[in-house]
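First the structure, in the form of structure tokens, and then the observations on it.
The values are calculated or read from the model by the stated rules, or taken from the named source; none is laboratory data. The model shown is predicted, which means the values in this text are computed figures rather than measured ones. Cβ coordinates were reconstructed from backbone atoms using ideal geometry, including for glycine residues, and neighbour counts include every protein chain displayed.
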Amino acid sequence: MENSGLACRERKLNYTKGMVVVMEKDVFILAVESSCDETAAAVVKNGREILSNVIYSQIDLHTLYGGVVPEIASRKHIEKINQVIQAALDQAGVTLQDITAIAVTYGPGLVGALLVGVSAAKAISFATGIPLVGVHHIEGHISANYIENLELEPPFICLVVSGGHSHLVKVKDYGEYEILGRTRDDAAGEAFDKVARAIGLGYPGGPKIDKVSKEGNPDAIHFPRAKVVGSEYDFSFSGLKSAVLNYLNGCEMKHIPVNQADVAASFQKAVVDVLVEHSIHGVKESGLSKFAIAGGVASNSSLRNALREACEKEGISFYYPSPVYCTDNAAMIGVAGYYEYQKGVRHGYDLNAVPNLKLGERV
């Protein structure tokens, strides 16, 4: 990575009545995201205006296998990446000549899937000379909050919950993060997928459990709420997942019928209770008054409602993205890439996929 030290914004000169007036030039980011099973591209103007956001989802394909198959995901990315990028440019009404920089997810994620997006972005950068900016996937999720909440600026606390990540993060500034807590085992979204499969809902688990839970009693079954001794903000959902499986096995052995909706609702409430408790505690202890959520599980209606109520009770401003910006998309990568670009971050053609990239880590 090369930090150029150039001025944060490109500028153009406008001569008016013999005076030189400095005008800010619009920054257009072409963003590419391919970390898992969505092939996505977007064009973002000045960090907050989404001109296009094209997503090709592979959910129907992977549903046949009960989860994401990495090799299949990679091959499908190869088939679709060029089409998706061109569609994003067309919908935005721009060409590559209008693009200021190219932002691309380089980690974390599935290595084969990441490589497709990174290779495409590097190829375009090499052919056109447009600067290349690598973006951390989780930073993208956090940055999704800036799209519709134009007044939101750091510092604030953000809960990132997805299929692979559960983080409670202090956003100190654009691109500057402090991890307060993280999962010790299963991520929240991963637990949703496993429990959904166990009770016969299939993949993807999160949306299906959210839907079925509306028909169930969240207090029908008491499942455990785990706490990590000595780490007040860390999460652990493996024990909860095991408790659900043990309950199901017990019902089967005793020939007791299982109420699918009650199990889903009770499990979901256990997850939500822990996420809300840790989040609100983290915001209060930080001394901040702004809280945001991000990631695929952030679209869960029970979690949103519980956090909204808790924030209102504590006088905390609550921010969240629309569902389309919660799941993997390129618009969020474009927003994060914009702020990286403004700081002078540039990557060379040796940029590689880093499947286990840690939040705040740079290459």
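On the stretch given as the range 37-73, residues that are modelled with pLDDT under 95, more than 17 Å from the chain's Cα centre (by Cα) and not in a loop (DSSP other than H, G, I, E, B) total 8. Among the listed residues VAL283, VAL228, which satisfies the condition of being under 30 Å from SER143 (Cβ atoms) and either crowded, with 21+ Cβ neighbours inside 10 Å or within 19 Å of the chain's Cα centre (by Cα) (or both)? It is VAL283. State whether the residues of the range 301-316 include one that is in contact with a Phe, Trp or Tyr (Cβ under 9 Å, 6 or more places away or on another chain) and either of a type in the set (Ser, Thr, Tyr) or under 17 Å from GLY107 (Cα atoms) (or both). No, the range 301-316 has no match at all. Restricting attention to the range 100-131, and to residues there that are among the β-branched types (Val, Ile, Thr) and touching a His at 6+ places or on another chain (Cβ under 8 Å), which single residue is nearest to VAL32 (Cα to Cα)? The residue in question is THR105.
Per-residue answers, yes or no, for (1) among the hydroxyl-bearing types (Ser, Thr, Tyr); (2) more than 24 Å from the chain's Cα centre (by Cα):
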site	(1), (2)
HIS222	no, yes
ASP234	no, no
SER242	yes, yes
GLU252	no, yes
ALA294	no, no
VAL297	no, no
ARG304	no, no
ALA310	no, no
THR327	yes, no
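Restricting the range 254-265 to residues that are closer than 23 Å to GLY206 by Cβ and among the hydrophobic types (A, V, I, L, M, F, W, C), the residue that is farthest from the chain's Cα centre (by Cα) is VAL258. Could you list, in sequence order, the residues of the range 311-363 that are hydroxyl-bearing (Ser, Thr, Tyr) and buried (at least 16 other Cβ atoms within 10 Å of the Cβ)? Hits for the range 311-363 are SER317, TYR319, TYR320, TYR325, THR327, TYR338, TYR339, TYR341. Out of the range 231-270, which residues are assigned to a helix (DSSP H, G or I) and more than 30 Å from GLY181 (Cα to Cα)? Correct list: LEU248, ASN249, GLY250, CYS251, GLU252, MET253, GLN260, ALA261. Selection of the range 93-122 for residues being more than 20 Å from PRO70 (Cα to Cα) and free of Cβ contacts under 8 Å to residues at least 60 places away in the same chain yields GLY93, THR95, GLN97.
If the condition is being of a type in the set (Val, Ile, Thr) and either surrounded by 10 or more Cβ atoms within 10 Å (Cβ to Cβ) or modelled with pLDDT of 95 or more (or both), then the range 1-21 contributes only VAL21. Screening LYS211 against (1) out of contact with any helix residue (DSSP H, G or I) (no Cβ under 8 Å at 6 or more places or on another chain); (2) of a type in the set (Lys, Arg); (3) under 29 Å from TYR341 (Cβ atoms) leaves a single unmet condition, (3). Residues that are without any contact (Cβ under 8 Å) to a residue 24 or more places away in the chain, under 19 Å from LYS211 (Cβ atoms) and in contact with a helix residue (DSSP H, G or I) (Cβ under 9 Å, 6 or more places away or on another chain) are absent from the range 254-276 altogether.
When GLU340, GLU285, GLU361 are screened for being free of Cβ contacts under 8 Å to residues at least 24 places away in the same chain and of a type in the set (Asp, Glu), only GLU285 passes.
Within the range 26-36, the set of residues being under 22 Å from GLY109 (Cα atoms) and at pLDDT 95 or above comprises ILE29, LEU30, ALA31, VAL32, GLU33, SER34, SER35. Just one residue in the set VAL135, VAL161, VAL171 is outside the structural domain of SER231 (by TED's automatic domain parsing) and not polar (S, T, N, Q); that residue is VAL135. Applying the condition of being out of contact with any Phe, Trp or Tyr (no Cβ under 8 Å at 6 or more places or on another chain) and surrounded by 15 or more Cβ atoms within 10 Å (Cβ to Cβ) to the range 214-224 and asking which residue is nearest to VAL161 (Cα to Cα) yields PRO218.
Tallying residues that are over 30 Å from LYS170 (Cβ atoms), in contact (Cβ under 8 Å) with a residue 40 or more places away in the chain and not aromatic (Phe, Trp, Tyr) within the range 123-140 yields 3. Candidates ILE199, ILE124: the one that is more than 30 Å from ARG225 (Cβ to Cβ), surrounded by 17 or more Cβ atoms within 10 Å (Cβ to Cβ) and not small (Gly, Ala, Ser) is ILE124.
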